[in-house]
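Report on the following structure.
The values are calculated or read from the model by the stated rules, or taken from the named source; none is laboratory data. Keep in mind it's a predicted model, so treat the numbers as computed, not measured. Here the Cβ positions follow ideal geometry from the backbone for every residue, glycine too, while neighbour counts run over all protein chains shown. Keep in mind that these areas ignore ligands, DNA and RNA; they rest on the heavy atoms of the full protein, side chains included. Shrake-Rupley method; radii C 1.70, N 1.55, O 1.52, S 1.80 Å.
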Amino acid sequence: MLPEIKKGQLLKVKAPPYYEKEYVYEVSGAGGKVIRANLHHSPKVKKSWTLEELEILFDMGIITLMDEKQQ
C-alpha cells in the first residue's frame, strides 16, 4: 500500500545498479497520476513516477519516506 505523499516530503531513493547509494529527493508535485520530485538541493535533477511504479518501489524497499529524525 502506498503511503500518503505530499508536496515537500523527502524520499530516500536507492540508486541502481547495486542499490547501495541513496539519494534524497523532495516531492515537487503529488497530484493526479504522477509523482514528481527534485534531487534535494539540486532542482536540475528531476524524477517522476506513476502511482503504480511508486507502489512497487515502496514494496521492494527501493524508495522510503524520510521522517523528521532522518533529516
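A few comments on the model shown:
- Count - residues of the stretch 27-42 that are without any contact (Cβ under 8 Å) to a residue 12 or more places away in the chain and on the phi < 0 side of the Ramachandran plot: 2
- Taken as a whole, the condition of being open to solvent by 50 Å² or more (accessible area, probe 1.4 Å), out of contact with any Gly (no Cβ under 8 Å at 6 or more places or on another chain) and free of Cβ contacts under 8 Å to residues at least 24 places away in the same chain applies to GLU52.
- Among the residues of the stretch 1-14, the ones that are at pLDDT 95 or above and of a type in the set (A, V, I, L, M) come to 3 in all.
- Looking only at the stretch 1-49, and only at residues there that are closer than 17 Å to ASP67 by Cα and touching a Ser or Thr at 6+ places or on another chain (Cβ under 8 Å), the one that is most open to solvent (accessible area, probe 1.4 Å): LYS7
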